[in-house]
Amino acid sequence: MIKTPTSQNSHGYAGSPSAGLINSLGKAIVTLTPVFLFLVAIMFYLKTYDSAQIKITITQIGGTALLTFFLIKILEENSWKFFADNNILTLPVAMFMASAVISYFRSPFPWASGNELIRRIVYFALAMIIMKDFSDRRSVDKLIKWVLAAAFVSAAYGIVQFLDGKFFPPNPEPGLDPFIWRQAFSYRIFSTFGNPNFFGDFLAVTSPLTLALYIKTRKPYLLVLWLMITFNVIVTYSKGAWLGYAAGFAAFCLLGLTYFAHFNKERIKKNILLVLSVVLLITGFMTYKATIARTDSIKFRVYTWLSCWEMINTNPALGTGIGSFYVTYPSYRRPQIFYIEGKHNTESDHPENEYLEILYDEGIAGFGIFLWLLGVFIIGGFKGMRIFSGADDRSKNPDARAYYMWGLLSALAGMLAHNAVCVSLRFVSSGVMLWFIIGSIGALIIHNPMPDNPPPPLLKGNPIALNMRRAIQLLLIVPAIWAINVFYGFFTADIYHNIAISFSKQGRWPEALTFYNKVTRNNFGFIMTHYFMGNVYNDRFNINRDFHPEWGDVETDEPWSGIMSGIKGRVDPERSISKYGDVWTLAPNYVQSYHQAGLVHLKLGDYYRQTGDMTRARKEWDRAIYKFERYHAIDPVFAQNYYRMAWVYIQRGEIDKAEETYWRHIYAAKDIFIPGSDEKEWVAKKTGRPAITVPDWCVSHRGTHHSMYPEDWSWRRASEFSETYMNLGNLKYLSRDFRKAEEYYALAASIWPQNLQALKNLASMYSQQGRPSEAVRMWRKVRDVSPNDPDAVRAVGGQ
């Protein structure tokens, strides 16, 4: 077992400034660290865009302050040797930190990687602080009690949310929950965490800790807290939370049977195993029922994991860069995800599996270090349990530390299980809890024997002169103050972003843009703000050139659009493309940014067509097609992307290309999922001529997105594919190929019987062809779908 030196030599430092500074910093660290964990767990602020932004800010600012105090204290007491003496535990933590630093400098996305690096620094500091400075039972007890206090607050609020969802009407009606986010997840509770899965992860950690302390103290309030936690886990309706809770409970039971003598009595052992079996069976049944009821949750994870595995294989050894998953994932996202979500403007920030994300971020090297770290602390924890519990000498009563270690190891098991199907560790509310566990396990191992109260400062000769120490400490404080100011700026940026969205919804564009610009000044890496600004300019589309520095205009702006080019300033199309450019600097394939950029150029083409400048119109339309194709490469399902490309081709008189474009959309209905299929070849077979609209560089739709098992995804977008067949019918009708037009209209109506326009087109065509009975039959179908449709009423009346 690792030990630290217990002998002390003040060398005449007693009562010196060093002793006072060390004492003050030590008290501050031991007092503020538990409060830090408590606040990260319970705080939320609903005036920011992200209700959990306050948690991030507390982590950043609080972590910076704690790290600064810690470094100053180490420098003052000259205790660097602690880390060398205990390198079995401190080295893997330091190496995991070093992996993050190396990964950051290798990353092509410094903003995305920088955010994750900041968190890793805080987590590293938290673990080291707890291992070193929580060296007595009193401080460890305080640390754990503050975590359990956070569990009580969040569990109590979770019960309020449950009652609110069960017995009170939804928003905007008032309810038991006083906050505006009430019932945000319908009947699922999320407490102070803003998400049922993150809340579930926290509960999976605190459940075994609470149970261990209850068994140690037999205090009823701890049993009540554990029952509250258990109830909250259930009503999160999170399968991952159930899995984490069950894994933590199983670890708790097995560790108790292994290391505590009084659980080895035959009757008690049988009862424990019976309870464990019941818990696992209930959890399994609940998970099965929830899975059957909501299979998309499983499918979403499976297809995201497949994409992540493909991403891992691009840089398997060292990874792509810490925190870079969400930036690169759009290029690998499978079409099935769009069918599952039913949306196209959403982000997947993480792959729903912490282990896959570490493999992608930091490669086999970083993942190996992570496994080493876990292995060291788990094995060390088991050894500590054996010593603390007296498992080798059953005549001794278990040490209090045995119960702490019991709860911590079980909590770690629950958290690691949960994060095999979730990404909670990537969010600070769960991330700090993992490193609290790591640090606490390390503290219990290192400080053995552990005194009841904190020992006096370890003061020994310091080779660094006092004035030099003060200079170095000042050098630590200045960047810490700068960093805190930056992090506070991030927080205010989130508030400004929320205000800007409010103005956007009201159509108050100048005010919205002013606040969006405040966001970018405080946090340039806020990708969504750049994207929203681009969309505002895109929607407003003011083509009067003027100069607005508050909207980002500068003297050197180039009037590339050609509109009113002799005047200073910019027009909205130029501003919009500029903001999308900022988006691509941060995230090259961010949601629908390429489609939106294509829409800007499409509108510019329309503007120049209206002014009679067809040369510039064609130039802008070419740019639009290129941007739409860039978007098609990452999202082959979005119908409007095809419709707008086809519209451009029709405006240019290129009807064959428009037809190809519609067939390309039909390809995304089913054939894209057939292994070995090729979009270009498939379209050529459908049209009977070589396909020329599919770019050679678009290689992402060649049968690589096949489903895990045969499944028809197209029914989820039946209305869109129906519209596309109708558009094909319109093209054929205009070219007087009435047989094909009838075929496509009929297909459109069969795929989506509510497609009134397809039914009306058929009815009109039958009338023109002298087929009145068939025309009447179609009009009756129109009337069946829409009884008050004026065209149907005129055609068939009450027949």
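Numerical summary
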{"item": "Single unsatisfied condition, Arg717 versus (1) under 30 Å from the mean Cα position of the chain (by Cα); (2) surrounded by fewer than 19 Cβ atoms within 10 Å (Cβ to Cβ)", "result": "(2)"}
{"item": "Val224 vs. criteria assigned to a helix (DSSP H, G or I), touching a Leu at 6+ places or on another chain (Cβ under 9 Å) and either closer than 21 Å to Phe152 by Cα or assigned by the TED database to the domain that holds Pro398 (or both)", "result": "no"}
{"item": "Test: residue in the stretch 388-404 that is in contact with a His (Cβ under 7 Å, 6 or more places away or on another chain) and surrounded by 24 or more Cβ atoms within 10 Å (Cβ to Cβ)", "result": "no"}
{"item": "Single residue of Phe377, Phe382, Phe367 found to be farther than 30 Å from Asn641 by Cβ and either in a loop (DSSP other than H, G, I, E, B) or open to solvent by less than 10 Å² (accessible area, probe 1.4 Å) (or both)", "result": "Phe377"}
{"item": "Residue match in the stretch 567-586 (condition: assigned to a loop (DSSP other than H, G, I, E, B), surrounded by fewer than 19 Cβ atoms within 10 Å (Cβ to Cβ) and assigned by the TED database to the domain that holds Met645)", "result": "yes"}
{"item": "Sole exception among (1) within 30 Å of His632 (Cα to Cα); (2) without any contact (Cβ under 8 Å) to a residue 60 or more places away in the chain; (3) open to solvent by 30 Å² or more (accessible area, probe 1.4 Å) for Ser331, by number", "result": "(2)"}
{"item": "Filter result for Ile501 (crowded, with 16+ Cβ neighbours inside 10 Å and under 30 Å from Val600 (Cα atoms))", "result": "yes"}
{"item": "Subset tally (residues that are touching a helix residue (DSSP H, G or I) at 6+ places or on another chain (Cβ under 8 Å) and outside any helix (DSSP H, G or I)) for the stretch 635-665", "result": "5"}
{"item": "Considering residues of the stretch 134-166 that are open to solvent by 50 Å² or more (accessible area, probe 1.4 Å) and free of Cβ contacts under 8 Å to residues at least 40 places away in the same chain only, the residue farthest from Val30 (Cα to Cα)", "result": "Lys166"}
{"item": "Residue in the stretch 58-69 that is within 22 Å of the chain's Cα centre (by Cα) and open to solvent by 20 Å² or more (accessible area, probe 1.4 Å) present", "result": "yes"}
{"item": "Restricting the stretch 723-770 to residues that are part of a helix (DSSP H, G or I) and aromatic (Phe, Trp, Tyr), the residue that is surrounded by the most Cβ atoms within 10 Å (Cβ to Cβ)", "result": "Tyr745"}
{"item": "Odd one out for Phe231, checked against (1) open to solvent by 30 Å² or more (accessible area, probe 1.4 Å); (2) farther than 26 Å from Ile298 by Cα", "result": "(2)"}
{"item": "Answer residue from the stretch 652-680, given it is aliphatic (A, V, I, L, M) and either over 20 Å from Arg736 (Cβ atoms) or in the same structural domain as Pro335 (by the TED database) (or both) and is modelled with the lowest pLDDT among those", "result": "Ile674"}
{"item": "Residue satisfying condition, being within 29 Å of the chain's Cα centre (by Cα), in a helix (DSSP H, G or I) and more than 30 Å from Ile22 (Cβ to Cβ), within set Ala156, Ala125", "result": "Ala156"}
{"item": "Only listed residue being within 28 Å of Tyr360 (Cα to Cα), among the acidic types (Asp, Glu) and open to solvent by less than 40 Å² (accessible area, probe 1.4 Å), chosen from Glu116, Glu77", "result": "Glu116"}
{"item": "Set Ala669, Ala658: member being of a type in the set (Gly, Ala, Ser) and either touching a residue at least 60 places away in the same chain (Cβ under 8 Å) or open to solvent by 20 Å² or more (accessible area, probe 1.4 Å) (or both)", "result": "Ala658"}
{"item": "Counted residues, the stretch 80-99 - those being of a type in the set (S, T, N, Q), in a helix (DSSP H, G or I) and open to solvent by less than 40 Å² (accessible area, probe 1.4 Å)", "result": "2"}
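The values are calculated or read from the model by the stated rules, or taken from the named source; none is laboratory data. Since the structure is predicted, the reported quantities are computational estimates derived from the model, not experimental observations. When we count neighbours, we look across all protein chains shown, and the Cβ atoms used for this are built from the backbone with ideal geometry, even at glycine. Heads up: the accessible areas ignore ligands, DNA and RNA and are worked out on the full protein's heavy atoms, side chains in. Shrake-Rupley method; radii C 1.70, N 1.55, O 1.52, S 1.80 Å.
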